[in-house]
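Only one structure is covered here, and it is reproduced in the block below.
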Amino acid sequence: AQKVTQAQTEISVVEKEDVTLDCVYETRDTTYYLFWYKQPPSGELVFLIRRNSFDEQNEISGRYSWNFQKSTSSFNFTITASQVVDSAVYFCALRPYGNNRLAFGKGNQVVVIP
Amino acid sequence: GAVVSQHPSWVICKSGTSVKIECRSLDFQATTMFWYRQFPKQSLMLMATSNEGSKATYEQGVEKDKFLINHASLTLSTLTVTSAHPEDSSFYICSARLETKNTEAFFGQGTRLTVV
């Protein structure tokens, strides 16, 4: 079974501050995918990133960056210079290779204060 | 990315009635779609996996007679909440994944169901 832990439930930051969301996972599978999704107040889930367990290279996309550390089973997400539009719930998820089932963490509610 | 459309976005129904929610993959074919339920301030819980042309696979604790799933075509899956009760009020969201490669799942906009 897979388990994804996002310990911080709600995080408030002032606009332009950086915010890092922690994600720790457990799985017995040797090959798997990790994801981050954004859920704004409207409710839809927006895909942000997919990372293969073989690929530990960190990634930056605009103000977003991800730090994958397989040794500590973590896949942390940082928003740099946060903006009000970043206010949302962010979910970390894991799916074993060849398996359809996505295991979600509980989500991080990010509130960016203007 | 691929587009998944869910309809309706919100629905209010009377207790005892049935409600049908549609999930369509607009620009790709999906032999498998997924239905999730999300309570306020909670994570997404997988309810069932919908398979085109065959019976859905339900997660433990999900009543298959209560939540009827039909996946009649490669682009459409439906979830029918039968004899809805107030405790069925929730946010329901579907997803689909491109079958040609091991990729991310794309989600519909979700349906907020309120049973009064």
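Within region B:88-116, the only residue that satisfies the criterion of being free of Cβ contacts under 8 Å to residues at least 12 places away in the same chain and either within 23 Å of residue B:18 (Cβ to Cβ) or more than 13 Å from chain A (Cβ to nearest Cβ) (or both) is B:100. Considering only residues in region B:2-32 that are facing chain A (nearest Cβ under 10 Å) and in a strand (DSSP E or B), the one that is most open to solvent (accessible area, probe 1.4 Å) turns out to be B:10.
Residue-level analysis places residue B:78 among those that are in a strand (DSSP E or B) and among the β-branched types (Val, Ile, Thr). Only one entry in A:70, A:106 is out of contact with any Lys or Arg (no Cβ under 6 Å at 6 or more places or on another chain), among the basic types (Lys, Arg) and more than 10 Å from chain B (Cβ to nearest Cβ), namely A:70.
Scanning region A:39-60 for residues that are under 19 Å from residue B:106 (Cα atoms) and over 12 Å from the mean Cα position of the chain (by Cα) yields A:40, A:41, A:42, A:43, A:44, A:45, A:52. Residues of region A:23-32 that are part of a loop (DSSP other than H, G, I, E, B) and more than 23 Å from residue B:40 (Cβ to Cβ): A:27, A:28, A:29, A:30, A:31.
For region A:4-38, a residue qualifies if it is surrounded by fewer than 16 Cβ atoms within 10 Å (Cβ to Cβ) and under 24 Å from residue B:110 (Cα atoms), and the qualifying residues are A:5, A:9, A:10.
Can you spot a residue in region A:59-71 that is surrounded by 14 or more Cβ atoms within 10 Å (Cβ to Cβ) and at positive phi? No, there is no match, as no residue in region A:59-71 is surrounded by 14 or more Cβ atoms within 10 Å (Cβ to Cβ) and at positive phi.
Condition check: away from every other protein chain (no Cβ under 14 Å), open to solvent by less than 70 Å² (accessible area, probe 1.4 Å) and either among the charged types (D, E, K, R) or within 26 Å of residue A:39 (Cα to Cα) (or both). Does residue B:49 satisfy that? For residue B:49, the condition - away from every other protein chain (no Cβ under 14 Å), open to solvent by less than 70 Å² (accessible area, probe 1.4 Å) and either among the charged types (D, E, K, R) or within 26 Å of residue A:39 (Cα to Cα) (or both) - is not met.
Here the condition is being surrounded by fewer than 22 Cβ atoms within 10 Å (Cβ to Cβ), of a type in the set (Val, Ile, Thr) and within 10 Å of chain A (Cβ to nearest Cβ); of B:57, B:75, it holds for B:57 alone. Do you know which residues across region A:82-105 are at pLDDT 95 or above and open to solvent by 50 Å² or more (accessible area, probe 1.4 Å)? Listed by number, the residues that qualify are A:83, A:84, A:85.
Using the structure shown, decide if residue B:98 is surrounded by fewer than 18 Cβ atoms within 10 Å (Cβ to Cβ) and under 19 Å from residue A:44 (Cβ atoms).
For residue B:98, the condition - surrounded by fewer than 18 Cβ atoms within 10 Å (Cβ to Cβ) and under 19 Å from residue A:44 (Cβ atoms) - is met.
The values are calculated or read from the model by the stated rules, or taken from the named source; none is laboratory data. Not measured: the values here are computed from a predicted model. In this analysis, Cβ positions are derived from the backbone assuming ideal geometry, glycine residues included, and neighbour counts consider all displayed protein chains. To get the accessible areas, we keep the full protein, side chains included, count just its heavy atoms, and leave off ligands, DNA and RNA. Shrake-Rupley method; radii C 1.70, N 1.55, O 1.52, S 1.80 Å.
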